[in-house]
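Chemist: One structure follows; several queries about it will come next.
The values are calculated or read from the model by the stated rules, or taken from the named source; none is laboratory data. Computed from a predicted model, the values in this text were never measured in an experiment. A quick note on method: Cβ atoms are made from the backbone with ideal geometry, for glycine too, and the neighbour counts reach across all protein chains shown.
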Amino acid sequence: MVVALSVFYMIAAYLIHSATSFLLYRKAGTALRWFAWIPLLGAIPYMWTIRKSAWNLLFLLIPIANIVFAIIWYVKFLNAFGKSGHWLWFILLPYAGEIVLFILWIYMAVSDKVKYVLGEPRHKGGKGNISISITIN
């Protein structure tokens with residue numbers, strides 16, 4: 001019974017996260033937003049939304065640096081939609097922090113008040129060419 005509920009929760013969380021990611025990428029006008037539905041490829045339009053090359057994802061393979069880069073990118077993502085990076089402090093609260101950030105993510109996706117404020121994303125609409133340059137900012 002517990003395993004079935006856990007599997008149900010994971011599937012529901014994945015579907016909600018994918019749907020909200022898709023909506024956020026659409027708000028930003030990011031190319032290949034349907035990648036949000038594919039587990040590993042969903043990170044590519046995420047990086048384009050914060051104006052980073054998808055090659056920067058390779059930094060996630062470096063121990064300790066991966067945590068630092070993930071935090072920096074999450075703050076940039078929140079800033080891209082006009083939200084403060086201070087929301088990320090909630091992640092320090094066990095369980096409750098994840099729920100707060102999950103609700104914030106949903107709010108950002110469905111609210112008409114939340115706009116993409118960075119201007120044009122790195123790859124806008126169309127074919128979505130993948131950049132080969134690596135930037136560290």
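Chemist: Taking the criterion of being in contact (Cβ under 8 Å) with a residue 12 or more places away in the chain and over 21 Å from residue 116 (Cα atoms), would at least one residue in the stretch 42-55 satisfy it?
Modeler: Within the stretch 42-55 (the criterion being in contact (Cβ under 8 Å) with a residue 12 or more places away in the chain and over 21 Å from residue 116 (Cα atoms)), the answer is yes, since at least one residue qualifies.
Chemist: I'm trying to understand the selection: among the residues of the stretch 97-114, which are under 12 Å from residue 23 (Cβ atoms) and either part of a helix (DSSP H, G or I) or charged (D, E, K, R) (or both)?
Modeler: 105, 106, 107, 108, 109, 110, 112
This table checks each residue for (1) more than 14 Å from residue 27 (Cα to Cα); (2) surrounded by 15 or more Cβ atoms within 10 Å (Cβ to Cβ); (3) at pLDDT below 90.
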| position | (1), (2), (3) |
| --- | --- |
| 92 | yes, no, yes |
| 97 | yes, yes, yes |
| 103 | yes, no, no |
| 121 | no, yes, yes |
| 131 | yes, yes, yes |
| 134 | yes, no, yes |
